[in-house]
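See structure below.
What follows draws every value from the coordinates through simple rules; no lab data is involved. All of these numbers come straight from a predicted model, not from anything done at the bench. Note that each Cβ is placed from the backbone with ideal geometry, even for glycine, and that neighbours are counted across all protein chains shown.
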Amino acid sequence: MVVDGLFYTKQHEWAKIEGDTVTVGITDYAQQMLGEVTFAELPAVDKQFEAHDELAVVESSKSASDIYCPVTGDVIEVNSALNSEPELINRSCYEQGWICKLKVTDAKSIEELMNSKQYEEFLNEL
Amino acid sequence: MEKSKAAAGEFIFELSKSEPKQSALYNEHLKLTDKSRMADFAGFMMPLWYSSISNEHKAVRCAAGLFDCTHMGVLEFAGKDAADFLNLIATNDVNTLTEGSAQYSYVIDAAGNILDDIIVYRRGKEKFMVVVNAGNEPKIKAYLAALQSGKAILDIDNPKRKLELNPAISDMKETEFGSDGRVDIALQGPASLDILLALTQDEKIKEQIKEVKPFKFTQAVIAGIDCIISRTGYTGAKISFELFVSPAKAAQLWELLLENGKSFGLEPCGLGARDSLRIEAGLPLYGHELSGDFDISPFEAGYGWAVKLQKEFFIGKNAMQQRAKDYDMQVARIKISAAAGVRPVRQNDAVLNENGKCVGWILSCAKAGENQLALAYVEKESTKENQPLGIYYLARSKRQMEDGKKQSVQKNEQLKKDIEAITVSRFEKF
């Protein structure tokens with residue numbers, strides 16, 4: 001499932017852009033590939049990231065996967081609900097399973113992202 | 001890459017890379033799960049999970065699970081030399097194996113390298129069925145061929161020792177094998193007996209199946225399909241079966257079991273649950289708790305009883321005699337919390353004693369209900385039940401490395417534990 005209005009990376013992260021705030025999570029395709037998520041290592045608030053930096057780690061019973069930052073910015077909020085309920089990433093990857101919010105410091109970094117149609121095409125080619 | 005020189009009696013085998021094969025049930029899997037959840041395992045495209053690992057794990061503990069094991073190697077050893085040959089190449093004693101019984105054993109080369117762990121089924125005085133690991137099958141076949149052609153050494157202390165036995169060895173999975181061909185489908189869990197019994201109306205056959213004790217087997221036609229019905233398995237379930245059927249009938253039996261087992265709570269299970277169940281039960285996986293990076297011996301793995309050193313001779317006996325005497329590490333089963341927010345323990349994470357000294361490493365770990373169960377390679381002193389231990393997680397991300405987490409840990413290193421653990425009994429039955 002791909003949600004219209006969000007932006008996507010080739011590593012299967014999504015980004016919701018509202019002004020200069022970007023909410024980040026992983027896509028339905030990614031959560032399906034991971035299996036049951038049992039742990040999420042969230043970034044520290046205020047930490048600065050460049051696009052493509054390792055932002056978080058999501059672990060399932062079978063693997064540990066890096067989540068890459070889709071844009072360049074500073075972390076302003078993390079989804080602390082994931083500390084006690086990491087499975088929210090499986091249950092609601094586009095809503096309750098969001099990972100963190102960033103304040104974009106380089107608007108250009110947003111331009112590299114795919115829109116939902118482009119991401120869907122990308123998935124079809126996999 | 002430069003090949004290192006082989007030790008005397010060492011059997012060297014290099015598997016050529018090839019495309020993963022499809023198991024006899026490949027098309028059945030595609031009906032139940034997405035192609036993206038299939039992965040190359042031991043040279044076969046196998047399902048990782050159907051519903052979810054935890055759901056499938058639970059089904060086997062509370063009801064029953066169905067596993068595609070048709071990728072496993074199934075070989076026949078037949079003829080007047082078959083028993084003596086198996087006694088020569090495997091560590092357990094085939095002479096004590098009665099018809100209708102199964103036996104766990106090891107194949108070891110003359111240098112003492114463990115080539116595989118196997119199950120030997122005695123079907124007759126001169127007829128055996130041997131199940132080998134899918135990943136080891138090409139190596140075992142090459143080894144057997146080398147033995148039969150006189151190219152493999154039997155005894156490093158007596159290189160002139162020649163093989164004077166010539167059993168007929170055939171692959172029971174191949175169509176050329178004919179009507180008695182066999183592949184393995186596992187039906188495991190407390191409801192598995194009832195599911196099997198529901199497949200036949202014949203009271204005599206029902207009685208025959210009920211009478212099969214653990215590590216025994218029988219042969220019967222159920223729902224028109226000729227089956228070897230064996231009380232063996234790899235999940236730790238007290239009631240569990242492996243059904244050996246013709247490759248041509250495998251899909252039919254699979255569908256029949258799934259359909260009829262539904263009302264009993266039967267779930268198809270993938271590799272994920274297969275692994276979590278065997279870890280929870282304490283069963284070794286070749287390459288992890290046996291052989292592998294630490295070259296773990298049967299004695300260290302907790303299976304010294306399957307190596308019969310009192311036998312006059314078997315290939316690798318000298319090496320095994322040595323290894324039975326000196327070892328100070330052992331496989332232990334340990335329990336760690338799986339509460340919300342606890343990071344999963346993984347292979348190579350360090351195991352610490354109460355004083356924070358590294359006494360070994362994690363070999364395999366899986367979530368089982370409220371706990372994580374792990375098999376670890378640790379100092380003998382730390383294998384006692386109820387021993388408090390600690391786990392040190394290795395760095396798994398750049399950030400953890402920046403925070404000073406190590407990427408590998410040596411024995412006796414002094415570390416601060418990340419989470420508590422406790423040693424539990426080596427094995428558990430369910």
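List of remarks:
- Label zone (B:ASP403, point 7 Å along Cα-to-C-beta; backbone nitrogen cut-off 18 Å) within the stretch B:364-397: B:391-397.
- Per-residue mean of foreign Cβ neighbours for B:390-401 is 3 (Cβ atoms of other chains, 10 Å radius).
- When the listed pairs B:LYS125/B:LYS204; B:LYS357/B:LYS398; A:LYS10/A:LYS117; B:LYS80/B:LYS125; B:LYS335/B:LYS429; B:LYS173/B:LYS216 are checked against a 18 Å cut-off, the alpha-carbon distance exceeds it for B:LYS125/B:LYS204; B:LYS357/B:LYS398; B:LYS173/B:LYS216.
- Label positions at B:ASN27 and B:ARG426, each projected 7 Å from the Cα along the C-beta direction, are separated by 4.6 nm.
- Per-residue mean of C-beta atoms belonging to partner chains within 10 Å, peptide A:29-40: 3
- Model label sites at B:ASN348 and B:GLU164, defined 7 Å from Cα along the beta-carbon direction, differ in position by 5.0 nm.
- A cut-off of 5 Å between modelled amide H atoms, ignoring neighbours fewer than 5 places along the same chain, links A:LEU55 with A:ILE67, A:TYR68, A:CYS69.
- Protection proxy ranking, peptides B:375-381, A:120-126, average beta carbon neighbours within 10 Å, highest first: B:375-381, A:120-126
- Estimated [θ] at 222 nm from DSSP helical runs (n ≥ 4, -39500 (n - 2.57)) normalised by residues in chain A, nearest 500: -4500 deg cm²/dmol
- Separation of the A:SER84 and A:GLN96 label points, Cα + 7 Å toward Cβ, nm: 1.3 nm
- Net charge dipole size for the stretch A:7-125 [Lys, Arg +1 and Asp, Glu -1 on Cβ; Debye, nearest 20]: 120 debye
- Sites B:LEU256 and B:GLU19, calculated FRET efficiency, Cβ-Cβ separation with R0 30 Å, nearest 0.05: 0.50
- DSSP-assigned coil residues among chymotrypsin sites (Phe, Trp or Tyr not before Pro) in the stretch A:62-112, each with at most 16 further Cβ atoms within 10 Å: none
- Per-pair calculated FRET efficiency, R0 = 60 Å: B:LYS325 and A:GLU121 via Cβ, rounded to 0.05: 0.40
- Loop-located GluC sites (Glu not before Pro) in the stretch B:56-128 (DSSP state other than H, G, I, E, B) with a sparse environment of at most 13 neighbouring Cβ atoms within 10 Å: B:GLU99.
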